[in-house]
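Peer 1: Below is a structure I'd like to ask you about.
The values are calculated or read from the model by the stated rules, or taken from the named source; none is laboratory data. This one's a predicted model, so the numbers in the text were calculated from it and none came from an experiment. Here Cβ is always computed from backbone atoms with ideal geometry, including for glycine, and neighbour counts include all displayed protein chains.
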Amino acid sequence: MRIIKPLLLALGFGLSATALAATQIQLDSSVQGAVINKNIYGQFAEHLGRGIYEGLWVGPDSDIANTKGFRNDVLAALKELRVPLIRWPGGCFADEYHWRDGIGPRDKRPVKVNTNWGGVEEDNAVGTHEFFDLVELLGAEAYVNGNLGTGTPQEMAEWLEYMTAEGKSTLAELRRKNGRDKPFKVHYFAVGNEAWGCGGNMTPEYYTNLYKHYTTFLKTPAHNTPKWIASGGHSEDTSWADHLTAHVKQKMDAVSFHYYTLPTGQWDVKGAALQFPESEWISTMQRTLAMDTFITNNKKVIDKHDPEKKVGFYVDEWGTWFDVEKGENPGFLYQQNSLRDAIVAALNFHIFHKHADRVHMTNIAQMVNVLQAMILTDKEKMILTPTYHAYKMYVPFQDATALPLKLSNVPDYKLGEVSIPAVSATAAKAKDGFVYLALVNANPNKAEMAEIKLDGIQINGISGQLLTAEAMDTHNTFAKPEAIKPTAFSAKAKNGKLSLELPAKSILVVKVQ
Ligand code: AHR
């Protein structure tokens with residue numbers, strides 16, 4: 001009787017037995033959906049470890065098949081992701097980068113020491129022209145990060161003139177002499193990086209004055225003006241966004257923001273990329289979800305100074321950061337990438353979609369061989385990571401219009417003292433006219449039910465892809481490159497309502513038909 005009574009009560013209220021246990025997903029008509037700027041799926045390539053050299057660039061004379069020095073296997077894989085944007089050359093590297101070192105004949109370029117990342121030699125083989133070759137080969141937009149830390153306003157202004165000038169100025173002629181007649185298209189330009197840390201250990205007040213000082217001298221032809229980005233804060237700190245938006249009233253299209261997910265939250269022992277305990281699975285998910293709070297709090301302070309939402313909030317560095325792999329140069333930030341990383345990526349996408357009114361760009365750190373990479377290489381070999389697969393599954397969300405969802409009856413996933421919502425979902429109307437739905441089950445132990453009804457949107461069925469695996473740290477290796485990859489998934493609706501079982505630790509992205 002004790003078991004039957006609640007069941008009967010539930011049926012009395014018109015709910016089925018499954019509905020009791022299922023997350024209910026509906027459209028939230030109280031919220032206006034914004035366009036999910038494709039640059040939310042942006043990438044970041046820094047002169048760091050094997051990220052650019054080997055990961056992307058092997059040089060035109062390499063035995064590894066390449067186009068203009070960039071490896072063909074990696075280019076082909078990245079094209080599948082429709083990479084919309086690449087940030088370069090750093091990161092911390094940007095504030096020690098002098099653009100004149102990276103132009104002209106490659107064998108005459110100066111060799112420098114990469115003091116930020118492993119103290120290795122930097123021969124400047126990849127410079128401005130090579131970077132633009134890469135973005136043009138991928139059909140991406142260019143995000144160039146200027147050197148505020150060790151550069152001058154003159155050096156920064158001249159780099160922009162070199163890239164964008166059209167006439168007969170000495171710098172435009174120098175660019176032509178170096179093989180590029182027409183100007184490069186600079187979509188975004190940032191003034192410094194992490195000014196609070198490796199970019200100069202500044203206060204928001206000091207940086208804000210420098211930002212205004214430098215940008216006064218940054219000039220480009222009117223039709224090739226980048227969006228100007230100020231370097232902002234990180235994690236829970238809102239003081240940078242507050243100060244910048246209060247005091248900079250021109251030439252600032254966005255404030256940037258960085259947040260990395262460390263399983264332990266400690267920089268000295270961050271946690272391992274593989275073979276981690278479940279406590280580090282849940283802490284990683286919990287720390288990932290903190291991104292939502294950080295963005296919400298930053299948006300609140302920006303709203304005070306910019307109610308018209310002219311200034312963007314760009315999360316131009318994010319992703320997992322684990323203890324470096326044994327045997328690797330600690331300065332190279334090379335780490336393996338597992339199903340856990342893919343779920344971290346998906347949860348972040350859902351958060352970015354929710355805040356698409358301000359968050360018009362994000363850049364995962366980093367594209368190849370560094371931190372939460374899409375691709376890992378070992379000389380001529382290449383593998384795709386679970387994070388790569390997540391990016392590919394979410395391609396339809398690029399430039400789609402968000403359809404805000406209301407989730408109720410969401411089960412908790414608990415371990416010890418930590419508890420997080422097990423299910424997360426996002427939806428959007430894509431450019432192809434179809435509605436896409438993405439769901440995550442962050443519980444590594446238990447499948448979860450979801451019931452979906454989108455009022456006003458006919459659901460006959462769904463088809464798409466599912467990413468899941470047996471172990472929390474399932475990953476691809478050079479010996480087993482397809483240990484984890486998406487599989488096809490489809491389901492039929494009943495009376496316009498979908499009832500789905502989301503496997504434990506899974507991501508599902510489907511087109512509604
Ligand atoms: O992505 C690695 C480093 O992390 C970047 O260079 C820096 O901006 C951040 O601290």
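Peer 1: Pairs needed: first member in segment 193-210, under 19 Å from residue 93 (Cβ atoms); second member anywhere, assigned to a loop (DSSP other than H, G, I, E, B) and among the aromatic types (Phe, Trp, Tyr); C-beta distance under 7 Å; at least 6 residues apart or different chains.
Peer 2: Within 7 Å, the pairs are 202/196.
Residue-wise test of (1) crowded, with 21+ Cβ neighbours inside 10 Å; (2) among the aromatic types (Phe, Trp, Tyr); (3) modelled with pLDDT of 95 or more; (4) under 24 Å from the mean Cα position of the chain (by Cα).
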site: 40; (1), (2), (3), (4): yes, no, yes, yes
site: 54; (1), (2), (3), (4): no, no, yes, yes
site: 61; (1), (2), (3), (4): no, no, yes, no
site: 79; (1), (2), (3), (4): no, no, yes, yes
site: 86; (1), (2), (3), (4): yes, no, yes, yes
site: 92; (1), (2), (3), (4): no, no, yes, yes
site: 98; (1), (2), (3), (4): no, no, yes, no
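Let's see how each residue does on (1) assigned to a loop (DSSP other than H, G, I, E, B); (2) within 14 Å of the ligand (Cβ to nearest atom); (3) not assigned by TED's automatic domain parsing to the domain that holds residue 133:
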position	(1), (2), (3)
171	no, no, no
176	no, no, no
200	yes, yes, no
236	yes, no, no
251	yes, no, no
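Peer 1: From 368, 440, 435, which residue is more than 23 Å from residue 261 (Cβ to Cβ), buried (at least 19 other Cβ atoms within 10 Å of the Cβ) and among the β-branched types (Val, Ile, Thr)?
Peer 2: That would be 435, the only listed residue that is more than 23 Å from residue 261 (Cβ to Cβ), buried (at least 19 other Cβ atoms within 10 Å of the Cβ) and among the β-branched types (Val, Ile, Thr).
Peer 1: Okay, next question. Just checking, does segment 304-311 include any residue being more than 16 Å from the ligand (Cβ to nearest atom) and assigned to a helix (DSSP H, G or I)?
Peer 2: There is at least one residue in segment 304-311 that is more than 16 Å from the ligand (Cβ to nearest atom) and assigned to a helix (DSSP H, G or I).
Peer 1: Counting only residues that are within 16 Å of the ligand (Cβ to nearest atom) and closer than 15 Å to residue 156 by Cβ, which one in segment 202-234 is surrounded by the fewest Cβ atoms within 10 Å (Cβ to Cβ)?
Peer 2: Looking at the filtered set, the residue picked out is 207.
Peer 1: Looking at (1) surrounded by fewer than 20 Cβ atoms within 10 Å (Cβ to Cβ); (2) in contact (Cβ under 8 Å) with a residue 24 or more places away in the chain; (3) of a type in the set (S, T, N, Q), which is the one condition that is false for residue 261?
Peer 2: Result: residue 261 passes all but (1).
Peer 1: May I pose another question? Where in segment 38-132 are there strands (runs of 3 or more DSSP E), lying fully within it, with 2 or more residues that are within 14 Å of the ligand (Cβ to nearest atom)?
Peer 2: Those strands (runs of 3 or more DSSP E) span 42-44, 85-88.
Peer 1: Quick check on segment 470-496: of everything there that is of a type in the set (A, V, I, L, M) and in contact with a His (Cβ under 9 Å, 6 or more places away or on another chain), which residue is surrounded by the most Cβ atoms within 10 Å (Cβ to Cβ)?
Peer 2: That would be 484.
Peer 1: If I ask for residues that are part of a loop (DSSP other than H, G, I, E, B) and of a type in the set (S, T, N, Q), which ones from segment 253-288 would you list?
Peer 2: 264, 266, 275
Peer 1: In addition: Can you tell me how many residues in segment 167-192 are out of contact with any Pro (no Cβ under 8 Å at 6 or more places or on another chain) and touching a residue at least 24 places away in the same chain (Cβ under 8 Å)?
Peer 2: Counting residues in segment 167-192 that are out of contact with any Pro (no Cβ under 8 Å at 6 or more places or on another chain) and touching a residue at least 24 places away in the same chain (Cβ under 8 Å) gives 9.
Peer 1: Look through 146, 119 and report the one residue that is within 28 Å of the chain's Cα centre (by Cα) and surrounded by fewer than 16 Cβ atoms within 10 Å (Cβ to Cβ).
Peer 2: Testing whether each residue is within 28 Å of the chain's Cα centre (by Cα) and surrounded by fewer than 16 Cβ atoms within 10 Å (Cβ to Cβ) leaves just 119.
Quick grid of which residues meet (1) in contact with a Lys or Arg (Cβ under 7 Å, 6 or more places away or on another chain); (2) in contact (Cβ under 8 Å) with a residue 40 or more places away in the chain:
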| position | (1), (2) |
| --- | --- |
| 462 | yes, yes |
| 466 | no, yes |
| 474 | no, yes |
| 477 | no, yes |
| 488 | no, no |
| 498 | no, yes |
| 504 | yes, yes |
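Peer 1: Which condition from (1) within 21 Å of the chain's Cα centre (by Cα); (2) of a type outside the set (S, T, N, Q); (3) under 19 Å from residue 344 (Cβ atoms) is the one that residue 299 breaks?
Peer 2: Only one criterion in (1) within 21 Å of the chain's Cα centre (by Cα); (2) of a type outside the set (S, T, N, Q); (3) under 19 Å from residue 344 (Cβ atoms) is unmet by residue 299, namely (3).
Peer 1: To continue, here is another question. Quick one: would you say residue 152 is under 31 Å from the mean Cα position of the chain (by Cα), farther than 21 Å from residue 87 by Cβ and either within 16 Å of the ligand (Cβ to nearest atom) or polar (S, T, N, Q) (or both)?
Peer 2: So residue 152 fits the description; yes.
Peer 1: I would also like to ask the following. Among (1) within 16 Å of the ligand (Cβ to nearest atom); (2) in a strand (DSSP E or B), where does residue 373 come up short?
Peer 2: (2)
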